[in-house]
1. How much length, in nm to one decimal, is gained on full extension between A96 and N272, taken as 0.36 nm per residue of separation minus their Cα-Cα distance?
2. Tell me, in nm to one decimal, what length is gained between L16 and A56 on full extension, where the rule is 0.36 nm per residue of separation less the Cα-Cα distance?
3. What ³J(HN,Hα) values, in whole Hz, does the Karplus curve 6.51 cos²θ - 1.76 cosθ + 1.60 give for region 147-159 when θ = phi - 60°, with x put for Gly and Pro?
4. Identify which of K197, K22, K77 has the largest mean-square fluctuation in a Gaussian network model of the chain, with springs joining Cα atoms closer than 10 Å.
5. Using amide H atoms built 1.01 Å from N in the peptide plane, name the residues 5+ places from V151, or on other chains, whose amide H lies under 5 Å from its own.
6. In whole Hz, with x marking every Gly and Pro, tabulate ³J(HN,Hα) for region 6-21 from phi via Karplus 6.51 cos²θ - 1.76 cosθ + 1.60, θ = phi - 60°.
7. Return one number: the angle in degrees, 0 to 90 and rounded to the nearest 10, between the long axis of the Cα atoms of helix 129-143 and the longest principal axis of the Cα atoms of the chain.
8. So if I average 1/r over every pair of distinct C-alpha atoms in the chain and take the inverse, what Kirkwood radius in Å does that give?
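A short reminder: the numbers here are calculations on the coordinates, not readings from a lab. Fair warning: this is a prediction, and the values are worked out from it, not measured in the lab. Virtual Cβ from ideal backbone geometry, glycine too; neighbours counted across all protein chains shown.
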Amino acid sequence: MNIFDLTFEQLTDYLLSIQQKKYRSTQIWEFLYRHRVQSFSEMYTLGAPLIATLEANFTIDYLQPLKTLTDSDGTIKILYQLNDQQKIECVVLNNAYGYSLCVSTQVGCNMGCIFCASGQHKKIRDLQSGEMVSQILSSQKHLNIDIRSVVIMGIGEPFDNYQNVLNFIKIINQPKGLEIGIRHITISTCGIIPKIKQFMQENLQVNLAISLHASDDKTRTYLMKINQAYPFLDLIASIKEYLDFTKRRVTIEYILIDHVNDQEEDAHRLINLFKNLNVYFNLIPYNPVTGVNLHPSTRETRQNFFNILKKAGIDVTIRNPQGENIEAACGQLRIKNL
Ligand code: SF4
């Protein structure tokens, strides 16, 4: 078993079950996440018998980088190989506040959003928590950087791999280890309403982002198959419920696609739906995907859309195109290397 799959509490329970003292879990945790050792033999303070037991029962699995692409804007995309030869990718963003990692949660994705490269291929399997943790540790080692924030919006739908993602959040937030601040973690969903409600009850301070990408039911069904199961207005109602319950702001992700969802009527419909709600709109230029007949909105259209929302008092930002030259669309690098 990959030791990165364990939460701190699970590691402590395991050590107690083999008659070890509780403080050993802190020692091991610090070796793994602070000193970032890659073999149990480097955990010299544990003593030979415990090291041998750990070696017999666990592995320390870093991921193997197969390809690294760096764009002129600083965005870095890494293609990783997993132990079973499957491939995933993650993206390192160099923001003003430090490095941020976009983490994948599944190999492929069953949600089938038409604008997304990952959605063109079915899910092969869920990632284990440790494989998500390893994306951070491996990227830090590979690029010699420190990652201080995580967005869970790479390949896969996080709420379709709920428990592993929840454990991943607990592991990376643990104060004795990577200590990534809970408010520096964002989880993004395409809108699985029952899981949004379940996540609300977890009472975590994690940021929630909803991939909305449409201002009406018909357009959302065209872009995102999930809308057939969880229709647009039901999703809006669940966002309101989440806002009421958590009192936390929700991010609305909105990819601007030429003449599909970027018209002035769309902006006005969004204003009607979201005015006076504690949401923040993140407008994202569409990154073209090979074989998909969708196109990015023009710069003028993007700016006009932004201006309309802003003028109506909506909290909105517009992202600059990122990683345009490095297969920027989610999952595109993996698909080209299948
Ligand atoms: S956008 Fe997200 S949920 Fe939709 S197909 Fe792509 S990875 Fe899956």
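1. Once the chain is fully extended between A96 and N272, it gains 60.1 nm.
2. Using 0.36 nm per residue and subtracting the Cα-Cα distance, I get 12.7 nm.
3. 9, 10, 8, 10, 10, 9, 8, x, 5, x, 9, x, 6
4. K22
5. Here the answer is L101, C102, V103, T186, since their amide H atoms fall under 5 Å of that of V151.
6. Running phi through 6.51 cos²θ - 1.76 cosθ + 1.60 with θ = phi - 60° gives 8, 6, 4, 5, 5, 5, 4, 4, 4, 5, 5, 5, 10, 6, 9, 6 Hz.
7. The answer is roughly 90 degrees.
8. 21.0 Å
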